[in-house]
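The values are calculated or read from the model by the stated rules, or taken from the named source; none is laboratory data. Because the structure is predicted, anything quoted here is derived from the model rather than measured. Neighbour counts run over all protein chains shown; Cβ positions are idealised from the backbone, glycine included. Ligands, DNA and RNA are stripped out before the accessible areas are found, and what is left, the full protein with its side chains, is counted by its heavy atoms. Shrake-Rupley method; radii C 1.70, N 1.55, O 1.52, S 1.80 Å.
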Amino acid sequence: MEMLNPYCGVDRDPRGVVRLTICNAGSLNILGTPAIGGVREGLEALSNDKQIRVLVVAGQSEKSMIGGADIKEMAKLDQASAEKFITGLRDLCEAARAFPAPVIARMPGWCLGGGLEFAAACDFRIAAHDAHFGMPEVRVGIPSVIHAALLPRLIGWGRARWLVMTAENIDAPTALAWGLVDVVAPSGGLDAAVEKTVAALLECGPEALRAQKALLRQWEELPLKESVDLSIAVFGQSFLTGEPQRLMQGFINRKR
């Protein structure tokens, strides 16, 4: 594993798949300011690599990808330092959301608070059969903020309200039924489930996937008519890459 910094390790394979491992943040990968900054810097550095076709984010242990934000650090904050801390976490989540290639969150064990906000900013969430999820912030006197705003878009207002206002945890089958995660792997099958999604993404045109991800992010924020109209130019520009011509011809040839 290549260490980009003390908190961010990277493994690459020849297919253009990169696994980013969050390191040195304890067994549950609890993120304080140094780890938040290190992982964000790693994501931003990797975002410039056009050879990356899929990014998988994982934790160093099987207990979690990101267990949450560091409550010991947060307990010492005042208004100004609290805003600085949460801005750093926002920037980390946004680095995943804005990453040009598809991002898969590999989710064993616990995923709470800031960890779930980060996962919501990823494109795909693949969970272990015994994973648990929650937004416990109100129980320690703070609201759920930043990318918790993505939760109503993922699971609807009612379920998002339940998560952030009751602070109750849900298990992996419930998370799947709600649409909070995309896949729940069988026991011992988390990496196989991740690889199945990786393989599906590798079947697609890499430039088309990058364009599709960028469109999806804009669709999240734009009114419908603007989203529809914006898509026309993106569709036309895709023919400048050569991918449609090559992949469509390959499809036609297979049909003969």
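Of all accessible surface on segment 1-109 at a 1.4 Å probe, what whole percent is carbon and sulfur?
Working: 2630 of 4910 Å².
Percent of accessible area from carbon and sulfur atoms in segment 1-109: 54.
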- prompt: Straight-line reach from LYS196: which lysines have Cα under 24 Å away, leaving out those fewer than 8 places along the same chain?
  reply: LYS50, LYS63, LYS213
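How high is the relative contact order of the chain, in percent, counting Cα pairs under 8 Å that sit 6 or more residues apart? Could you put the intermediate results ahead of the total?
Details: 422 pairs, mean separation 37.1, N = 256.
Worked out over the chain, it gives 15 percent.
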Residue-level accessible surface for VAL140, protein heavy atoms, 1.4 Å, Å²: 80
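What size of dipole, in debye to the nearest 20, comes out for the chain about its Cα centre when the only charges are +1 on Lys and Arg C-beta atoms and -1 on Asp and Glu C-beta atoms?
Roughly 660 debye, rounded to the nearest 20.
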Space enclosed by the convex hull of the alpha-carbon atoms of the chain, per residue, Å³: 148
message: Please compute, for the alpha-carbon atoms of segment 1-53, the extent along each of the three principal axes and give them in descending order in Å.
response: 31, 19, 14
query: Taking square-rooted eigenvalues a ≥ b ≥ c of the alpha carbon gyration tensor, is segment 193-256 rounded, prolate or oblate, where a/c under 1.5 means rounded and, failing that, a/b exceeding b/c means prolate?
result: oblate
Accessible surface ranking that places the most exposed of GLU73, GLU195, GLU137 first, with a 1.4 angstrom probe: GLU195, GLU73, GLU137
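Pop out the Kirkwood hydrodynamic radius of segment 127-256 from its pairwise C-alpha distances, inverse of mean 1/r, in Å to one decimal. Before the final figure, lay out the partial values.
On the way: mean 1/r = 0.0555 Å⁻¹.
After inverting the mean inverse Cα-Cα distance, the result is 18.0 Å.
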field: Average accessible surface area per residue within the chain, 1.4 Å rolling probe, Å²
entry: 51
